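Novice: Quick one: this structure, given as structure tokens, is what I'll be asking you about.
The values are calculated or read from the model by the stated rules, or taken from the named source; none is laboratory data. Everything numeric in this text was worked out from a predicted model, so none of it was measured. Glycine also receives a Cβ, built like all others from the backbone with ideal geometry; neighbour counts cover every protein chain displayed. To get the accessible areas, we keep the full protein, side chains included, count just its heavy atoms, and leave off ligands, DNA and RNA. Shrake-Rupley method; radii C 1.70, N 1.55, O 1.52, S 1.80 Å.
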Amino acid sequence: MRRSTAPFGPAAGTLDAAAGKDAAGECTSGEDGAADCTTGEYAAETDVAARVGGALEAVFDAVAQTRADTTALLARVIAEGRRPVTADLAALRPGLHLRLARQELVSGVGFVAAPGVLADVPAWLEWWQGDAGRDVRPLLLDLDPRTSAYSDYTHWDWFALPRDTGRRAVAGPYVDYLCSDEYSLTLSAPVEVAGRFLGVAAADVYLRHFEAAALPLLRELSGPARLVNARGRVAASTDPGQLAGALAKGPDFASVLTTGRPDVVGRLRLTPCRGVPLVLAVDRR
């Protein structure tokens, strides 16, 4: 697959202005105690957060399409009064191949079944990958617990977070031993039928491709900056003290994502990337 190293496109939107801003554009507190950082020098951070969110939203679109296709397929099979089997999932392949061809940042995409969902195998990944020549190939894995160290994928964040929260997630960066042996991010969302969790729809983004696009944006900012997921894992950074893959401690990044509002914690200004579960953290030193 062809990869772009250009920065993300125009801002997908900006955070709504709220009461509590001072004339200099400093971060102040509104009535609910949350910090407001949407004016003055903070406009650049809001813009960068929006552009990152817009780029990853395109990857989440691929996840959402896979989720919709998988949900419809599994619901249809269940309505027939039977359990799905791996052969049923072949119907997902045309859509998966199309998403790999269209989405520059997506290196792999598919559906990962919850254990016990399929009748013919204990676990399964209907997963497809693309290479630099845009060739598409299936991921063939040994998921036999007697022979594979990676047969239980249910504890990995890309699976556990959507299962436990019912929401979409960004996992990583981490070394993806299961799929590619690449340092990667995985974006995922739960697949449910009639309120029952059946697995996750997901897409992989190689970290080197994400960094190539994100770092030029972070360098536009006045201080060291990093993009952090809900659990504090750094996805991209211009801060030499918090490189990609590090686990950032201190702020409650999940809370910032829940409120959807900027905040200040110590020296850090925190701006949620609207719509996607990443927080832009900029050091005010």
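Novice: What strands (runs of 3 or more DSSP E) lie completely within the range 59-143 and have 1 or more residues being open to solvent by less than 40 Å² (accessible area, probe 1.4 Å)?
Specialist: Strands (runs of 3 or more DSSP E) meeting the threshold: 108-113, 124-130.
Novice: Answer with yes or no whether Ala49 is more than 14 Å from Val205 (Cβ to Cβ) and open to solvent by 50 Å² or more (accessible area, probe 1.4 Å).
Specialist: It is false that Ala49 is more than 14 Å from Val205 (Cβ to Cβ) and open to solvent by 50 Å² or more (accessible area, probe 1.4 Å).
Novice: Follow-up question, since we're still on this one. When you go through Gly166, Gly172 one by one, which is the residue that is under 30 Å from Thr70 (Cα atoms) and modelled with pLDDT of 90 or more?
Specialist: Gly166
Novice: Still on this structure, I have one more. Just need a number here: residues in the range 245-256 that are closer than 18 Å to Leu56 by Cβ and modelled with pLDDT of 90 or more.
Specialist: Of the residues in the range 245-256, 3 are closer than 18 Å to Leu56 by Cβ and modelled with pLDDT of 90 or more.
Novice: Now, a different point. Are any residues in the range 195-209 surrounded by fewer than 19 Cβ atoms within 10 Å (Cβ to Cβ) and in contact (Cβ under 8 Å) with a residue 24 or more places away in the chain, and if so, which ones?
Specialist: Within the range 195-209, Phe197, Arg208 qualify.
Novice: Considering Arg285, Arg233, Arg274, which residue is basic (Lys, Arg), modelled with pLDDT under 90 and under 20 Å from the mean Cα position of the chain (by Cα)?
Specialist: Arg274
Novice: Another one. In this structure, does Ala171 turn out to be within 16 Å of the chain's Cα centre (by Cα), surrounded by fewer than 24 Cβ atoms within 10 Å (Cβ to Cβ) and part of a strand (DSSP E or B)?
Specialist: The answer is no for Ala171.
Novice: Let me ask something else about it. What are the residues in the range 210-264 that are basic (Lys, Arg), free of Cβ contacts under 8 Å to residues at least 60 places away in the same chain and out of contact with any helix residue (DSSP H, G or I) (no Cβ under 8 Å at 6 or more places or on another chain), if any?
Specialist: Arg219, Lys249
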